[in-house]
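Here the structure comes first, spelled out in structure tokens, and everything after it is commentary.
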Amino acid sequence: MKADLVEANGANIPAIGLGTWRLQDQACADAVQWAIEAGYRHIDTAARYENEAAVGAGIRASGLARDEVFITTKVWHSDLRLDDFRRSAEASLKRLGLSQVDLLLIHWPNSDVPLAESLNALAEAKRSGLTRHIGVSNFPARLLEQAVQQSCEPLTVNQCEYHPYLDQSRVRAACRAYGTAFTSYCPLGRGELTQEPLIEAIAGKYGKTPAQVVLRWHVQQPGTVAIPKSGNRQRIAENLNIFDFVLSGEEMRNISGLARPDGRMVRPAWDMDFEDEI
Ligand SMILES: NC(=O)c1ccc[n+]([C@@H]2O[C@H](COP(=O)([O-])OP(=O)(O)OC[C@H]3O[C@@H](n4cnc5c(N)ncnc54)[C@H](OP(=O)(O)O)[C@@H]3O)[C@@H](O)[C@H]2O)c1
């Protein structure tokens, strides 16, 4: 099974990627290799995950040609000054064993660094060939708008928390307005959605699992990519096997109706402007 592609500002991004946060060492390398063997062509990592070397090892172990897999990494919010940024991106490439990633993201905004400086560092990473595409992560709508206006290179992706318990319509509308793809992290609500009775009922109707229904809900929304994490070979394959059924409009709306005010699962451990809007 292969994922559909999401086109955004010149990039073609496989709509399902493997999330790798909390996967480490051999378990991480194995998960990446299993994912590629199952048909994944998109892997998400970050300098902060301290697993880039294992991600690189897993890709090499799969034997897949480098240009067949879309690899995203991220620069941590403490490294957004020009020199720190370049150092971080180069160190990521070294650990991955690659000369270039497909997508480099600012992992979280940092109001102590002028936005223009971090965007300049991001664009510079693209111009110098460290990455094919650039984007951001955890940028609320207002900040994304400023970033799009100030960036001299198109922003391909905004990666944010999104799952049926969390309404993200504002930032998603902003992404649509700028042609920026929206990548859903924690797409399964860290697994919690798989216990949800409504999702279980829809899964039964299609002979699918709850996780497959939730991932299908993501990729059926325009411009949307999802990066579920699993370290389990069977669940890794299961999470990609979602391109052979279609949820009805009513099912999509009912699933979206699970959103609740306390639905957010990820909050930064540091003070951040725009926190109310992420
Ligand atoms: N940009 C950011 O700031 C940011 C923040 C958080 C996450 N992320 C990215 O997003 C990725 C995904 O987010 P996440 O890992 O927090 O949460 P998630 O993908 O929503 O959920 C992962 C959890 O669901 C379980 N799971 C996976 N597939 C399943 C299935 N088919 N059935 C039942 N349970 C299943 C996993 O367990 P098993 O491993 O045991 O299968 C794991 O406990 C991360 O790995 C990372 O790459 C980015």
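Tabulated data for the structure shown
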read-out	value
Candidates 215, 247, 198, filtered to the one that is touching a residue at least 24 places away in the same chain (Cβ under 8 Å) and within 25 Å of residue 44 (Cα to Cα)	215
Filter result for the condition that a residue is surrounded by 22 or more Cβ atoms within 10 Å (Cβ to Cβ), on the phi > 0 side of the Ramachandran plot, near the ligand (Cβ under 10 Å from one of its atoms) and under 16 Å from the mean Cα position of the chain (by Cα), over 186, 160	186
Those helices (runs of 4 or more DSSP H) lying entirely in segment 6-117 with at least 3 residues among the charged types (D, E, K, R)	25-38, 82-96
Conditions (1) within 16 Å of the ligand (Cβ to nearest atom); (2) touching a His at 6+ places or on another chain (Cβ under 8 Å); (3) in contact (Cβ under 8 Å) with a residue 60 or more places away in the chain; (4) among the aliphatic types (A, V, I, L, M); number of the one not met by residue 27	(2)
Selected residue (only one of 138, 110 is over 22 Å from residue 11 (Cβ atoms), of a type in the set (S, T, N, Q) and touching a residue at least 24 places away in the same chain (Cβ under 8 Å))	110
Residue 183 farther than 19 Å from residue 11 by Cβ and modelled with pLDDT of 95 or more	no
Subset of segment 173-200 (residues that are closer than 18 Å to residue 134 by Cα and not small (Gly, Ala, Ser))	175, 176, 178, 180, 182, 183, 185
Search result, residues across segment 44-57 that are within 13 Å of the ligand (Cβ to nearest atom) and either closer than 20 Å to residue 266 by Cβ or surrounded by fewer than 21 Cβ atoms within 10 Å (Cβ to Cβ) (or both)	44, 45, 46, 47, 48, 49, 50, 51
Subset of segment 221-237 (residues that are over 12 Å from residue 188 (Cβ atoms), surrounded by 19 or more Cβ atoms within 10 Å (Cβ to Cβ) and either near the ligand (Cβ under 10 Å from one of its atoms) or not hydrophobic (A, V, I, L, M, F, W, C) (or both))	224, 236
Lone unmet requirement of (1) within 21 Å of the chain's Cα centre (by Cα); (2) surrounded by fewer than 16 Cβ atoms within 10 Å (Cβ to Cβ) for residue 149	(1)
Flag for residue 193 being buried (at least 21 other Cβ atoms within 10 Å of the Cβ), over 16 Å from the mean Cα position of the chain (by Cα) and not hydroxyl-bearing (Ser, Thr, Tyr)	yes
Total residues in segment 58-76, condition surrounded by fewer than 24 Cβ atoms within 10 Å (Cβ to Cβ) and in contact (Cβ under 8 Å) with a residue 40 or more places away in the chain	1
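The values are calculated or read from the model by the stated rules, or taken from the named source; none is laboratory data. The shown structure was predicted, so the numbers you read here are calculated from the model rather than taken from an experiment. When we count neighbours, we look across all protein chains shown, and the Cβ atoms used for this are built from the backbone with ideal geometry, even at glycine.
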